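The values are calculated or read from the model by the stated rules, or taken from the named source; none is laboratory data. Quick caveat, the model's predicted, so the values are computed rather than measured. We place every Cβ from the backbone using ideal geometry, glycine too, and count neighbours over all the protein chains shown.
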Amino acid sequence: MQLAPRRWYTPLFVGLLLAALASGVYVGYYSRTALVPLRIQDEDREKYQRPNDVLKALEISAGDWVADVGAGNGYYAQHMADLVGPTGKVFAEDIADSAIRSLRQKAKMFNLENVEIVKGTDDDPRLPANFLAAVLVMNAYHHFTRYEAMLKSIFGSLKPGGRLVIGDYSLADHRGRSRSDQLKIHEIDPALVTAEVQRVGFQVAKCETPFMKRMPNAKTGYRIGAADMWLMVAVRPK
């Protein structure tokens, strides 16, 4: 699987980006030091998250309805939209107003007509019930303050056999810490997540840890590069 080339410098994109900047629309996230442009965020994902393999783990087909929970800047939602095609649908969900603005801007920039932007809550991503083929939660699970309620809602949104793919970060040396202490450094032990998804009824098909070893040369200064990345695939039983 090859990701579609990024089209950052088309005249349409430049015009919309300038308009977004002029109107104060969110076009990046803050690292510890500065606003990180979307282009840099996406370059880091492409180098340090193995996005081709993340997308393969979803097993998406044309016509599927899928969701990106905690979609952030919409990087994965955009590529999921390409995979499901015009007969499919992607729900790009987030709870942060800044992320919702960013998602709307990206959908407009790239004419993502098969993407529906959803503002969820901390306990409900507000997805359709019993219908989705796959849900992705990338670098967002450790932000779930009400993870059991979120997992139950995601479980209920998937059709039988549907897949939940979770990617997050953790260093092995930190996994003995309490859950709350791990969250303070934006990490989560995959063993904790395995137990949590199993409690709501998921079957864990695999968990690759590490999926990517620590890459301290990542540009953003955020969790990409600060800890090992792991990737889990869980399935709603048929």
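So, in the stretch 221-238, of the ones that are not acidic (Asp, Glu) and not in a strand (DSSP E or B), which residue ends up nearest to residue 140 (Cα to Cα)? Looking at the filtered set, the residue picked out is 223. Within the stretch 103-159, the residues that satisfy the criterion of being part of a loop (DSSP other than H, G, I, E, B), among the aromatic types (Phe, Trp, Tyr) and either touching a residue at least 40 places away in the same chain (Cβ under 8 Å) or closer than 15 Å to residue 65 by Cβ (or both) are 110, 131.
Considering the stretch 61-81 alone, what residues qualify as being in a strand (DSSP E or B) and more than 8 Å from the chain's Cα centre (by Cα)?
65, 66, 67
When restricted to residues that are assigned to a helix (DSSP H, G or I) and either loosely packed, with under 14 Cβ neighbours inside 10 Å or touching a Cys at 6+ places or on another chain (Cβ under 6 Å) (or both), the stretch 195-220 contains 3. Among residues of the stretch 176-202 that are free of Cβ contacts under 8 Å to residues at least 40 places away in the same chain, those with a Cβ under 6 angstrom from a residue that is among the polar types (S, T, N, Q), sequence gap 6+ or separate chain, pair up as 189/170.
For first residues located in the stretch 49-62 and farther than 12 Å from residue 84 by Cβ, partners that are among the hydroxyl-bearing types (Ser, Thr, Tyr) and lie 6+ apart or on another chain with Cβ distances below 8 Å form the pairs 51/75; 51/76; 54/76.
For the stretch 46-83, the tally of residues that are at pLDDT 95 or above, hydroxyl-bearing (Ser, Thr, Tyr) and within 28 Å of residue 145 (Cβ to Cβ) stands at 1.
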